[in-house]
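Okay, so here's the structure we're looking at.
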Amino acid sequence: MHAEDLLSEIKRDADDKIYQIQHQNTERLNMIKFDLATSMTKEEQKIREESEKDILRTEKQMLGRARLRQKLNIMEKRKELIDELIEEGIKKFITSKSYDSFLEDTFNNNYKKSMTISIRKGDRKAEKILKEKKIKPTYTDIIGGFIFTDKKVHINKSFDLHLEKRRETLEKQIAELLKN
């Protein structure tokens, strides 16, 4: 019986070892599951935080674009208004006594007998001055004033050129008035 006792004891030792190994493996498995759950939670949290940051960034970009579009629309409307005001000013100037003086001074200071003179078709004031001087004009696409030409010289005294030189200053002045 001694062999049977020895066999029983070996079997008990083997069962104990199996139990200990199973217990250790269960503990390890639980630790792995816990680590996995913890790392999943950390990864999920990280993804959630990155998503929230992306959403905030996108929201800021959309707001920035909306503000930019709004500013561009305001600038465009302001530019349209400035253009309308300048056009209105031109119309008033061309029908004023100041335009008469502008034409007289321009003609007297620049005309030489050998020159041809170009004016805007329908500019009655310029036509009147030239008719009085018995000069036949040629016509060109200008707002007003004269363009004097001879073989060597081209003198542009059109209101267009005068306005072009002053337009930036006028636009700034009108823009300042619109702010107030």
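We did not get these values from a lab; they are worked out from the coordinates using the rules stated. Computed from a predicted model, the values in this text were never measured in an experiment. Positions of Cβ are generated from backbone atoms using ideal geometry, with glycine treated the same way; all protein chains shown enter the neighbour counts.
Here are some notes:
- Bins of 5 Å, starting at 0 and running to the largest distance - Cα pair percent for the chain: 1, 6, 9, 9, 7, 6, 5, 5, 4, 4, 3, 3, 3, 3, 3, 3, 3, 3, 3, 2, 2, 2, 2, 2, 2, 2, 1, 1, 1, 0, 0
- Each residue in ILE117, ILE143 was given a count of other beta-carbon atoms within 10 angstrom of its own, and listing them fewest first yields ILE143, ILE117.
- Put a plus charge on the Cβ of each Lys and Arg, a minus charge on the Cβ of each Asp and Glu, and nothing anywhere else: the dipole of segment 1-97 about its Cα centre is then about 1580 debye.
- Karplus 3J(HN,Hα) series, Hz, for segment 10-20 with 6.51 cos²θ - 1.76 cosθ + 1.60 (x for Gly, Pro): 5, 5, 4, 4, 5, 5, 4, 4, 4, 4, 4
- Integer Hz, Karplus 6.51/-1.76/1.60 couplings in order for segment 112-121, x for Gly and Pro: 10, 3, 7, 8, 9, 10, 10, 9, 7, 5
- Estimated from the Cβ-Cβ distance and a Förster radius of 25 angstrom, the FRET efficiency linking PHE93 and LYS134 is about 0.40.
- Charges were assigned to the Cβ only: +1 to each Lys and Arg, -1 to each Asp and Glu. The resulting dipole of segment 95-179 about its Cα centre is roughly 400 debye.
- Once backbone amide H atoms are built at 1.01 Å from N, SER158 has PHE146 as its partners under 5 Å, excluding neighbours fewer than 5 places away on the same chain.
- Cα-based Rg and Dmax for segment 95-179, where Dmax is the largest Cα-Cα distance (Å): 14.6, 50
- Unit charges at the beta carbon, dipole of segment 29-89: most positive-side option, LEU56, ALA37, ALA66: ALA37
- Scaling the Cα radius of gyration of segment 40-87 by the globular reference 2.2 N^0.38 Å produces a ratio of 2.15.
- Per-residue 3J(HN,Hα) values for segment 137-154, derived from phi via the Karplus relation 6.51 cos²θ - 1.76 cosθ + 1.60 with θ = phi - 60°, read x, 9, 10, 9, 8, 10, 6, x, x, 10, 10, 9, 9, 9, 5, 10, 10, 10 Hz in sequence order (x marks Gly and Pro).
- Pairs exceeding 19 Å between alpha-carbon atoms, taken from LYS113/LYS165; LYS79/LYS157; LYS91/LYS131; LYS113/LYS151: LYS113/LYS165; LYS79/LYS157; LYS91/LYS131.
- Computed from point charges on the beta carbon alone (+1 for Lys and Arg, -1 for Asp and Glu), the dipole magnitude for the chain about its Cα centre is near 2920 Debye.
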